[in-house]
Amino acid sequence: MAVRTNRAVIFDLDGTLTQSEEGIFNCVRHAAETVGAPVPDDAALREYIGPPLAYSFRAFMGLDDETAERAIAAFRKRYHRVGLFENRVYPGIRRLLRTLKARGDYVGVATGKHGDATRRILDHFGLSPFIDSVCCAADGRSEKADIIRGALPESFSEAWMVGDRRFDMEGGRAAGIHTIGALYGYGTAEELEASGAEVLVESVQALIDFLCPGQEPPRGAFLSMEGLDGSGKSTQIALLTDALDRWGFEVVHSREPGGTRVGDMLRAIILDPDNPEITAETEALLYAASRAQHVRELIRPTVAAGRVLLCDRFVDSSVAYQGGGRELGVQHILDLNAAAVDGTLPLATVYLDINHEAALKRRHAATAPDRMEAESDAFFARVEKAYRELIRRDPERFIVVDATQPPEKLGEEVARRVLERLMADERP
Ligand code: TYD
């Protein structure tokens, strides 16, 4: 456990920790339609992010008190059902919160939003474990300065308010603490400076550099995706990347064979249909060589930098294709790869489960086969069998999903199960 510092860092939510425009825009549009007011355009909608709703509907939509009340009610109803999850964690925010936690700072959230919604958002995106206190408008406070005071610990020697709008800067000043204006949010430099920002940051990275200079990043994670050729890996990798982005995980893509300059040169040799003389043992060693470089040059440094490395195939492919398909044996390929992998295994491996006959049908509908894809049906039957043997040996690491589901539905299942693993892994 980190030693407690005497520093507190309080964050605004919308526009500072999360990019909430999708949900807020949809709910303001819905509120305008409900009360029969003109629906604001996107530029006008941006004004609604940050200030209290009661203020916004009067000031920006020009509603009288009674109509504003009805608009707020319509907004809240949709927001609490779906709007609050139409949200994205800014890239780097998870890394920042984890770094502050590791440093021993007290971390609070102060927002004009309702407490229940705030807590649900923080829970949904797995940010709650890094946050010590949440103070919101509905906790009996409406002035931002009061809300900020409510989020602060009883005693501290230094405190910062980080926010993206003037309410945050004015509130921080009134509460007697330092202020940082986040320019990546919804306010402008002029607005933030005029309202008392002491420091302005352009990006989350700049915020990390300012608040935690020289501090080692928290560990990221290594994930891999496996399956037969034709299992739909490319589509699922793209869908999973979207979900991880939304949760604020910083994803780096890679693939095997390849992932590095030398690895790509090896890939070209391995997959070239004009190299029929490559023996099974040579092939296995070339894949392992590509992997040895990949682990050291890309995978480990990426994880050490706090990012998520998502790899299209890893050692399991060698075991399945060379161990099973080429009949070199599961254990032999594991032994042969021991030095290449050197203990670096994925936190989770998604296996897109489809039998070899169905995968073959899908492949035939796609592009011209490379040297591996041109293999016989019996070859892929052995590949499938070896994958099953691996899953049986290491059930904890594999996330096995039915790859015959519609891609979108499959994507949701993959994202849900991978996010569960990632969030459990980063819990302090
Ligand atoms: P992949 O990049 O998944 O091909 P594609 O994008 O065309 O689906 O993988 C290339 C081929 O290499 C694939 O047929 C599986 C095979 N392979 C092995 O035989 N052993 C290995 O260790 C790896 C990583 C891949």
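The values are calculated or read from the model by the stated rules, or taken from the named source; none is laboratory data. These numbers come from a predicted model, not from an experiment. FYI the Cβ positions are ideal-geometry reconstructions off the backbone, even for glycines, and counts take in every protein chain you see.
Scanning region 369-398 for residues that are surrounded by fewer than 17 Cβ atoms within 10 Å (Cβ to Cβ), modelled with pLDDT of 95 or more and over 18 Å from residue 355 (Cβ atoms) yields 393, 394, 395, 396. Just give me the residues in region 101-120 being within 20 Å of the chain's Cα centre (by Cα) and surrounded by fewer than 24 Cβ atoms within 10 Å (Cβ to Cβ), in sequence order. 101, 102, 119, 120, listed by residue number.
Scanning region 287-317 for residues that are among the small types (Gly, Ala, Ser), touching a residue at least 40 places away in the same chain (Cβ under 8 Å) and over 21 Å from residue 425 (Cα atoms) yields 288, 289, 292, 317.
For residue 343, the conditions (1) more than 30 Å from residue 218 (Cα to Cα); (2) within 29 Å of the chain's Cα centre (by Cα) all hold with the exception of (1). Answer yes or no as to whether residue 113 is among the charged types (D, E, K, R), within 27 Å of residue 205 (Cβ to Cβ) and not in a helix (DSSP H, G or I). Spelling it out, residue 113 is indeed among the charged types (D, E, K, R), within 27 Å of residue 205 (Cβ to Cβ) and not in a helix (DSSP H, G or I).
Looking across region 2-58 at every residue that is over 24 Å from residue 203 (Cα atoms) and touching a residue at least 60 places away in the same chain (Cβ under 8 Å), the one that is surrounded by the most Cβ atoms within 10 Å (Cβ to Cβ) is identified as 26.
Taking (1) touching a residue at least 24 places away in the same chain (Cβ under 8 Å); (2) in a loop (DSSP other than H, G, I, E, B); (3) touching a helix residue (DSSP H, G or I) at 6+ places or on another chain (Cβ under 8 Å) in turn, residue 419 satisfies each apart from (2). Given the condition surrounded by fewer than 18 Cβ atoms within 10 Å (Cβ to Cβ), in the same structural domain as residue 314 (by TED's automatic domain parsing) and of a type in the set (Val, Ile, Thr), answer yes or no: does some residue in region 176-199 qualify? Within region 176-199, none of the residues are surrounded by fewer than 18 Cβ atoms within 10 Å (Cβ to Cβ), in the same structural domain as residue 314 (by TED's automatic domain parsing) and of a type in the set (Val, Ile, Thr). Within region 389-406, take every residue that is of a type in the set (A, V, I, L, M) and within 23 Å of the chain's Cα centre (by Cα) and give me the one that is farthest from residue 417 (Cα to Cα). Among them, the one singled out is 403. Quick check on my filter: what residues within region 308-323 are crowded, with 20+ Cβ neighbours inside 10 Å and either within 11 Å of the ligand (Cβ to nearest atom) or not in a strand (DSSP E or B) (or both)? Once the filter is applied, which keeps residues that are crowded, with 20+ Cβ neighbours inside 10 Å and either within 11 Å of the ligand (Cβ to nearest atom) or not in a strand (DSSP E or B) (or both), region 308-323 yields 311, 313, 314, 315, 316, 317, 318, 319, 320, 321, 322, 323.
The set of residues in region 290-307 being hydroxyl-bearing (Ser, Thr, Tyr) and surrounded by fewer than 24 Cβ atoms within 10 Å (Cβ to Cβ) consists of 302 alone. The helices (runs of 4 or more DSSP H) located wholly in region 324-397 include none with 1 or more residues which are within 14 Å of the ligand (Cβ to nearest atom) and not assigned by TED's automatic domain parsing to the domain that holds residue 235.
Taking strands (runs of 3 or more DSSP E) as the structural unit, those lying wholly within region 183-298 and holding at least 2 residues that are touching a Pro at 6+ places or on another chain (Cβ under 8 Å) and within 30 Å of residue 364 (Cα to Cα) correspond to 221-227.
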